[in-house]
1. In the range 10-50, what count of residues is obtained for those that are touching a Gly at 6+ places or on another chain (Cβ under 8 Å) and within 15 Å of the ligand (Cβ to nearest atom)?
2. Considering the range 45-73 alone, what residues qualify as being open to solvent by 20 Å² or more (accessible area, probe 1.4 Å) and either among the hydrophobic types (A, V, I, L, M, F, W, C) or in a helix (DSSP H, G or I) (or both)?
3. With over 29 Å from Pro162 (Cβ atoms) and either assigned to a loop (DSSP other than H, G, I, E, B) or not acidic (Asp, Glu) (or both) as the only criterion, which of Thr34, Thr42, Thr18 stands out?
4. Taking the range 167-194 only, how many residues are farther than 24 Å from Gly240 by Cα and either open to solvent by 70 Å² or more (accessible area, probe 1.4 Å) or of a type outside the set (Phe, Trp, Tyr) (or both)?
5. Among the residues of the range 110-135, write down those that are open to solvent by less than 30 Å² (accessible area, probe 1.4 Å), in contact (Cβ under 8 Å) with a residue 40 or more places away in the chain and outside any loop (DSSP other than H, G, I, E, B).
6. Which ones in the range 136-156 are open to solvent by 10 Å² or more (accessible area, probe 1.4 Å) and among the small types (Gly, Ala, Ser)?
7. Name the single residue that is nearest to Thr249 (Cα to Cα) among those in the range 196-216 being open to solvent by 20 Å² or more (accessible area, probe 1.4 Å) and polar (S, T, N, Q).
8. Out of (1) surrounded by fewer than 24 Cβ atoms within 10 Å (Cβ to Cβ); (2) among the charged types (D, E, K, R); (3) within 16 Å of the ligand (Cβ to nearest atom), the odd one out for Asp105 is which?
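The values are calculated or read from the model by the stated rules, or taken from the named source; none is laboratory data. Just so we're clear, the structure is a prediction, and the values are computed from it rather than from any experiment. Methodologically, a virtual Cβ is constructed for each residue, glycine included, from the backbone with ideal geometry; neighbour enumeration extends over all protein chains shown. When the accessible area is computed, the model is the full protein with side chains, heavy atoms only, and any ligands, DNA or RNA have been set aside. Shrake-Rupley method; radii C 1.70, N 1.55, O 1.52, S 1.80 Å.
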Amino acid sequence: MTVYEKACAKINISLDVTAKRPDGYHDMVMPMQTVSLCDELTLRLEGSGIRARSNLRYVPSDDRNLAVRAARRYLTEIGKPEQGLQIELHKKIPVGSGMGGGSADAAAVLRALNRAFGEPLGREQLTALAGEIGSDVAFCLIGGTMLATGRGEVLSPLPPLPPCRIVIVKPGFSISTPELFQKLDRAPIRCHPDTDGLIAAMRQGDLSGVCRRLYNVFEDVDDRRMRTIRQIKGGLLDGGALGAVMTGTGSAVFGLFTDDAATESCCEKMKKEYGFACTAEAVGELL
Ligand code: C5P
């Protein structure tokens, strides 16, 4: 049997870190949005063993790949640990960009396998499983617009992002998530986002109110690469964005636009300057 599934990327509309936890993780407060930029997965339930194959050479094919881990965990959970599976990943979400590409692939594997086996696990069981695989996998499983708290795995629905176009830009470098968390731990966080104000603006459909409150605490970390992040934000604002912010631990930055012509021309300009840029739309719940 062959099944297909899309793995949509996420963006953090804002990102706050509120505490370092005894388990080494951090408590987060993150309004998140699923976007149309996606990887495409083909799952073949055949043979023995679980392997992944990708259009990118450096994406691991074994258990270092979250998609393989998700499949193994799911098949064990439903009592079919011997089931063979080949996962073909057509990656379009840039790796190391803070858009949750690996988490989205793992979440897509969970959705696709649960459908293929006749939905033996309910939404809650599937979400719990996702939370064990990685902090962002639960959000990538459900999708839409959500407030993610805890490690990122505790989700509550938010009003949708007011209608807008999104331009996503990624510079040539990637940023390692654990490395940036370590840097964040070395100095107190000087400024926190106004998450309540942001959510109130979303509830009122007030895009400028949302754009004034886009903020990511990682942008203030002592790291030379943040200079490039600020340049990209400046480029997006010069190109007509109402607001711009880094997503997750970077290195991708997105801007929110209302004007179609400005969206397209800014995207073209950013692609030439930084290597990767695309336009995207907000996407509703996936499960
Ligand atoms: O959960 P996940 O494997 O995606 O997390 C990757 C790394 O990011 C963790 O090992 C940890 O260093 C950091 N992290 C954190 N607090 C979170 C989420 C991730 O410190 N809430």
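1. The number of residues fulfilling the criteria is 6.
2. Leu45, Leu56, Val59, Leu66, Arg69, Arg72, Arg73, listed by residue number.
3. Numbers: Thr34 fails: over 29 Å from Pro162 (Cβ atoms); Thr18 fails: over 29 Å from Pro162 (Cβ atoms).
That would be Thr42, the only listed residue that is over 29 Å from Pro162 (Cβ atoms) and either assigned to a loop (DSSP other than H, G, I, E, B) or not acidic (Asp, Glu) (or both).
4. Number satisfying all stated conditions: 18.
5. Hits for the range 110-135 are Leu110, Arg111, Ala112, Leu113, Asn114, Ala116, Leu126, Leu129, Ala130, Ile133.
6. Gly150, Ser156
7. Ser208
8. Failed condition: (1).
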